[in-house]
1. Kindly establish whether residue 176 is small (Gly, Ala, Ser), on the phi < 0 side of the Ramachandran plot and in contact with a Gly (Cβ under 7 Å, 6 or more places away or on another chain).
2. Being loosely packed, with under 15 Cβ neighbours inside 10 Å and either closer than 30 Å to residue 79 by Cβ or more than 15 Å from ligand 2 (Cβ to nearest atom) (or both) is the filter here, so list the residues in region 242-254 that pass it.
3. Can you find a residue that is within 23 Å of residue 85 (Cα to Cα), within 16 Å of ligand 2 (Cβ to nearest atom) and touching a Leu at 6+ places or on another chain (Cβ under 9 Å) anywhere in region 225-241?
4. Report, ordered by the first and then the second residue, all pairs with beta carbons closer than 7 Å, sequence separation of six or more or different chains, a first member in region 224-240 that is in contact (Cβ under 8 Å) with a residue 24 or more places away in the chain, and a second member that is among the polar types (S, T, N, Q) and near ligand 2 (Cβ under 8 Å from one of its atoms).
5. Being touching a residue at least 24 places away in the same chain (Cβ under 8 Å), away from ligand 1 (no atom under 16 Å from the Cβ) and not in a loop (DSSP other than H, G, I, E, B) is the filter here; which residues of region 208-223 pass it?
6. Pick from region 241-254 the residues that are of a type in the set (A, V, I, L, M) and in contact (Cβ under 8 Å) with a residue 24 or more places away in the chain: which of them is farthest from ligand 1 (Cβ to nearest atom)?
7. I want to confirm something. Restricting to region 142-188 and keeping residues that are of a type in the set (Val, Ile, Thr) and within 28 Å of residue 249 (Cα to Cα), which single residue is surrounded by the fewest Cβ atoms within 10 Å (Cβ to Cβ)?
8. Looking at 191, 238, 227, can you tell me which residue is surrounded by 15 or more Cβ atoms within 10 Å (Cβ to Cβ), at negative phi, more than 15 Å from ligand 1 (Cβ to nearest atom) and not polar (S, T, N, Q)?
Amino acid sequence: MKKLISFILAAVVMTAAMPLGIEGTSRIPAAALAADAAKTGRSYSDSEELKALLVSPDGSFSGGEGIDGTKYKTDVKLGAGYNGSSDMLIVYGLESTDQIGEVLTELGGHGYMMAGDPEDYCGCVKTIGYFDQELKIQTDRLLHIQFFVKDRMPGFMTAFDLFDEYDLVEATKAFGFDPAPYVFGTIAPGDADNDGKVTAADASLTLAAYAELMTGAAMDLNMTIFDYNDDGAIDAADSSEMLETYADNMTSVK
Ligand SMILES: [Ca+2]
Ligand SMILES: [Ca+2]
């Protein structure tokens, strides 16, 4: 609305000025024209284009972006979400959940409006909206932003609990992509629960991954972690080898 009013004012000023022989066009600063030009055609056809609309690479926000790319790590996944219906900007590597609030405040300051879970937690998802309608990104998809905190298992809201945690298999299924690169400090073969060891819990998670695959699900499971014997498939043999490693480690400790 502010833009529209200033445009009308500029038009009135120009009309009034013209009979006096004053160049009306000079009243619109070149920088404002450039910013408006950058905001037009806000649509995308691939992940890099979507990232460019939302993340300012140099922190200048000259193209109507909302995230400071010099401060935050970001990535884009198209066709994410449980049924592949969302396009997702991922903000990851955050030090704590407090930083999610900081990013949201910054987005608000740049004309974006976020709706979603009232609580901020690792893996929380917000729908991207706009205070400034000129920022609106044209898309037929659901447009979301998702936050990941370092070394924190992603969570979700349940009807009974404010917050619960996914394991890596559940998170991969729910998000429609492998969240391990955004959450785990180190991706180590066999360490599916990110506790720095290969144990029976990891073997159990690997069986759960195998069970999902047996249903015919096309899941983007982390091959470095789950394909423990490195034969290109995730199955019961990986789980067995993890148990062997666990047993060997238990024995060597004694
Ligand atoms: Ca582990
Ligand atoms: Ca394997």
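1. No: the conditions fail for residue 176.
2. Of everything in region 242-254, those that are loosely packed, with under 15 Cβ neighbours inside 10 Å and either closer than 30 Å to residue 79 by Cβ or more than 15 Å from ligand 2 (Cβ to nearest atom) (or both) turn out to be 247, 248, 249, 250, 251, 252, 253, 254.
3. There is no residue in region 225-241 that is within 23 Å of residue 85 (Cα to Cα), within 16 Å of ligand 2 (Cβ to nearest atom) and touching a Leu at 6+ places or on another chain (Cβ under 9 Å).
4. 238/229
5. Residues satisfying the conditions are 210, 212.
6. For region 241-254, the residue satisfying everything is 243.
7. Of everything passing the filter in region 142-188, 186 is surrounded by the fewest Cβ atoms within 10 Å (Cβ to Cβ).
8. Going through 191, 238, 227 in turn, just one is surrounded by 15 or more Cβ atoms within 10 Å (Cβ to Cβ), at negative phi, more than 15 Å from ligand 1 (Cβ to nearest atom) and not polar (S, T, N, Q): 227.
The values are calculated or read from the model by the stated rules, or taken from the named source; none is laboratory data. It should be emphasised that the depicted structure is a prediction, and the values quoted were computed from it without experimental measurement. We place every Cβ from the backbone using ideal geometry, glycine too, and count neighbours over all the protein chains shown.
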